[in-house]
Amino acid sequence: MNTFGPPKLVLARGEGAHVWDVDGREYVDFLGGIAVNTLGHNHPALVAAVSDQLSTLGHTSNFFTTRPAVELAERLLSICSQPDAPEGRVFFANSGSEANEAAIKLSRLTGRTKIVVMQDAFHGRTMGSLALTAKAAYREPFEPLPGDVTWIPFGDVEALRGAVDEQTAAVVIEPLQGEAGVNVAPTAYLRAAREVTSAAGALLWFDEVQSGMGRTGHWLASAPSGVQPDVVTLAKGLGGGLPIGACLAWGEAAHLFGPGNHGTTFGGNPVVCAAALAVLDTIEKESLLDHATAVGERLRAGVGADARVTDVRGEGLLVGLTLAAEKAPEVVAAAQDAGWIVNATGGDRVRMAPPLVVSFDDVDALVAAWPGILDAAGA
Ligand SMILES: *Cc1c(COP(=O)(O)O)cnc(C)c1O
């Protein structure tokens with residue numbers, strides 16, 4: 001169906017951070033399937049993990065569990081918990097929206113309904129996650145959506161204090177907003193959110209669907225803040241291209257769901273769990289957190305040096321640029337003509353989220369091509 005408009009390319013294969021279309025033309029992929037292809041394309045560790053698991057056991061129902069699902073749950077809790085975290089639990093889903101649906105349902109089991117969300121937030125397209133998504137054009141054709149949602153400006157501590165009360169089930173924050181054009185929440189804001197939600201008995205829920213799993217040079221974008229949330233949702237980069245979502249919860253929040261409250265046929269599938277384990281193993285083995293930090297710094301400094309770029313935001317390899325002119329779609333088209341895949345999140349905002357394996361050479365080549373791309377776009 002025509003949900004996406006005409007496809008920009010028909011892609012045929014990929015290798016590392018490079019892809020080829022059906023006519024054999026090569027592109028360097030600075031979008032990575034929108035922050036999904038963590039290990040790039042055709043990574044041998046991911047291919048082997050998926051192939052081995054599929055040839056061993058491809059699916060069970062949720063009457064049963066499997067070793068990859070249990071190992072992945074334990075692994076996620078170990079890399080996503082702050083040192084002082086209480087015991088955690090994991091629910092596996094198939095996408096970011098579904099991970100968020102799980103978190104919405106979980107928050108309703110507190111006995112409260114009010115959810116406080118950030119202006120400009122993106123939480124997905126299913127009816128529940130859409131109810132928390134800011135853009136009116138996405139929401140309005142589908143109203144009525146689940147209610148009791150309160151919007152506050154991103155990063156405004158006073159607005160947060162004013163909005164969170166004894167009726168509040170949860171406060172939802174993307175520690176690094178991706179779809180909004182890459183906005184980083186200040187550490188002090190995340191800490192204030194912890195304090196305010198704890199005082200009101202509300203859940204603090206970080207949507208790290210886009211920002212998590214190494215994208216920012218940390219397992220979670222919120223990790224350096226030291227803040228332990230009650231709930232974290234993950235998806236995109238977790239499976240390295242295979243569809244998986246996860247809703248993690250700690251302490252009392254981890255025990256809100258009981259048998260019969262929620263479910264999924266595919267969630268926790270052993271093939272996608274094995275893929276996610278391979279992604280996490282490879283991030284560690286290839287030191288991709290440090291690499292994302294270093295190569296991301298070089299990318300931001302390089303493309304930000306052009307005077308036609310007025311602002312550069314982001315952490316690691318989630319990079320947002322603001323252009324002086326409303327020319328982001330033209331820049332995306334000119335980049336594609338020159339063999340680079342990037343993306344526009346608004347009229348003047350360009351986003352880059354290349355695979356974490358992107359090389360310094362690829363970054364340097366894009367930085368060298370960048371002024372010519374802006375020229376061609378008339379930016
Ligand atoms: C992409 C995204 C979602 C939705 O994930 P889907 O897998 O497309 O359902 C939710 N939250 C954030 C922050 C995202 O970036």
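The values are calculated or read from the model by the stated rules, or taken from the named source; none is laboratory data. All of these numbers come straight from a predicted model, not from anything done at the bench. All Cβ positions, glycine included, derive from the backbone under ideal geometry; neighbour counts span all protein chains shown. These accessible areas exclude ligands, DNA and RNA; they are computed on the full protein's heavy atoms, side chains included. Shrake-Rupley method; radii C 1.70, N 1.55, O 1.52, S 1.80 Å.
Being touching a strand residue (DSSP E or B) at 6+ places or on another chain (Cβ under 8 Å), of a type outside the set (Ser, Thr, Tyr) and more than 11 Å from the ligand (Cβ to nearest atom) is a property that does not hold for residue 103. Between 245, 237, 212, which is out of contact with any Phe, Trp or Tyr (no Cβ under 9 Å at 6 or more places or on another chain) and of a type outside the set (Val, Ile, Thr)? Selected residue: 237, the only one of 245, 237, 212 that is out of contact with any Phe, Trp or Tyr (no Cβ under 9 Å at 6 or more places or on another chain) and of a type outside the set (Val, Ile, Thr). Among the criteria (1) charged (D, E, K, R); (2) surrounded by 24 or more Cβ atoms within 10 Å (Cβ to Cβ); (3) within 16 Å of the ligand (Cβ to nearest atom), the one residue 230 does not fulfil is (3). Going through (1) within 16 Å of the ligand (Cβ to nearest atom); (2) farther than 16 Å from residue 234 by Cα one by one, residue 25 falls short only on (1). Looking across region 109-133, the residues that are within 13 Å of the ligand (Cβ to nearest atom) and assigned to a loop (DSSP other than H, G, I, E, B) come down to 120, 121, 122, 123, 124, 125, 126, 132, 133.
Of all the criteria given as (1) of a type in the set (A, V, I, L, M, F, W, C); (2) within 16 Å of the ligand (Cβ to nearest atom); (3) open to solvent by 10 Å² or more (accessible area, probe 1.4 Å), the one not satisfied by residue 199 is (2). For the residues 361, 375, the requirement of being under 21 Å from residue 290 (Cα atoms), out of contact with any Phe, Trp or Tyr (no Cβ under 7 Å at 6 or more places or on another chain) and open to solvent by 10 Å² or more (accessible area, probe 1.4 Å) singles out 361. Filtering region 313-333 to residues that are under 12 Å from residue 298 (Cα atoms) and open to solvent by 30 Å² or more (accessible area, probe 1.4 Å) leaves only 315. Scanning region 60-106 for residues that are among the basic types (Lys, Arg) and either outside any helix (DSSP H, G or I) or surrounded by 16 or more Cβ atoms within 10 Å (Cβ to Cβ) (or both) yields 75, 89, 105. Among the residues making up region 202-219, those that are more than 10 Å from the ligand (Cβ to nearest atom), of a type in the set (A, V, I, L, M) and assigned to a loop (DSSP other than H, G, I, E, B) are 202, 213.
Within region 134-150, being within 16 Å of the ligand (Cβ to nearest atom) and either under 15 Å from residue 233 (Cα atoms) or exposed (fewer than 15 other Cβ atoms within 10 Å of the Cβ) (or both) holds for 135, 138, 142.
Just one of (1) assigned by TED's automatic domain parsing to the domain that holds residue 369; (2) farther than 21 Å from residue 96 by Cβ fails for residue 29. It is (2). Of all the numbered requirements in (1) open to solvent by less than 10 Å² (accessible area, probe 1.4 Å); (2) more than 30 Å from residue 282 (Cα to Cα); (3) within 16 Å of the ligand (Cβ to nearest atom); (4) not polar (S, T, N, Q), residue 175 misses one, and that requirement is (2).
Note on region 178-196: residues that are open to solvent by 30 Å² or more (accessible area, probe 1.4 Å) and away from the ligand (no atom under 16 Å from the Cβ) total 6.
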